[in-house]
1. Report, ordered by chain and residue number, the lysines lying within cross-link reach of residue 46, taken as a straight Cα distance under 20 Å and ignoring same-chain residues fewer than 8 apart.
2. Sorted by average packing, counted as other Cβ atoms within 10 angstrom per residue and highest first, what order do 37-50, 16-29 take?
3. Cα-based Rg (one decimal) and Dmax (whole number) for region 9-52, in Å?
4. So what are the radius of gyration and Dmax for the Cα set of the chain, in Å?
5. In terms of Cα to Cα distance under 20 Å, which aspartates and glutamates are near enough to residue 74, apart from those fewer than 8 places away along the same chain?
6. With n ≥ 4 as the cut-off for DSSP H runs, can you work out [θ] at 222 nm for the chain, using -39500 (n - 2.57) per run divided by the number of residues, rounded to the nearest 500?
7. Counting only protein heavy atoms and using a 1.4 Å probe, what share of the accessible area of the chain belongs to carbon plus sulfur, as a whole percent?
8. Determine the principal axes of the Cα atoms in region 10-81, then give the extent along each, sorted from largest to smallest and rounded to whole angstroms.
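The values are calculated or read from the model by the stated rules, or taken from the named source; none is laboratory data. Everything quoted here is computed from the prediction, not taken from an experiment. Using ideal geometry, Cβ is built from the backbone for each residue, glycine included, and neighbour counts are taken over all protein chains shown. To get the accessible areas, we keep the full protein, side chains included, count just its heavy atoms, and leave off ligands, DNA and RNA. Shrake-Rupley method; radii C 1.70, N 1.55, O 1.52, S 1.80 Å.
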Amino acid sequence: MEKETGRIEAFSDGVFAIAVTLLVLELHVPELKDGDTPVHLLEALKIQWPGYIAFIISFFSIFIIWVNHHKVFKQIYRRNTGLMFANGLILFLVSLVSFPSALLARFFFRIRNSFPLPFIPDCLF
């Protein structure tokens, strides 16, 4: 039996690829002044650590969803409207991952200082 899901899988892979690309766009190279040493660069990079953590968590979240998506579509040979809408919902949710990641990276210190978050250990600061 021939698979009817080729176009759905190709479109899905494209959405996953774009979602990961959007995550990378939130990583920025620090600005340094003339005469700054490598120590200044290291300090500037250390300040951006919430962005790196947000990127890693989000990347692997998208990766795990993609792996499971791939496994599911290995078992499906025929498409129908319900499958396409369910797949669209998954892709919609995947495309949203970059937004909370950017929020976490940008406002981590402000949120942490404004109200206590019990799930973030103080040893991280």
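1. Filter leaves 33.
2. Values: 37-50: 11.9, 16-29: 14.3.
Going by the mean number of other Cβ atoms within 10 Å, highest first, we get 16-29, 37-50.
3. Expressed in Å, the Cα Rg and Dmax of region 9-52 come to 15.9, 51.
4. 19.6, 66
5. Within reach: 2, 4, 9, 13.
6. Details: 5 runs with 89 residues, N = 125.
For the chain, the value works out to -24000 deg cm²/dmol.
7. On the way: 6460 of 9320 Å².
Heavy-atom surface of the chain belonging to carbon and sulfur, 1.4 Å probe: 69 percent.
8. Result, largest extent first: 62, 17, 16 Å.
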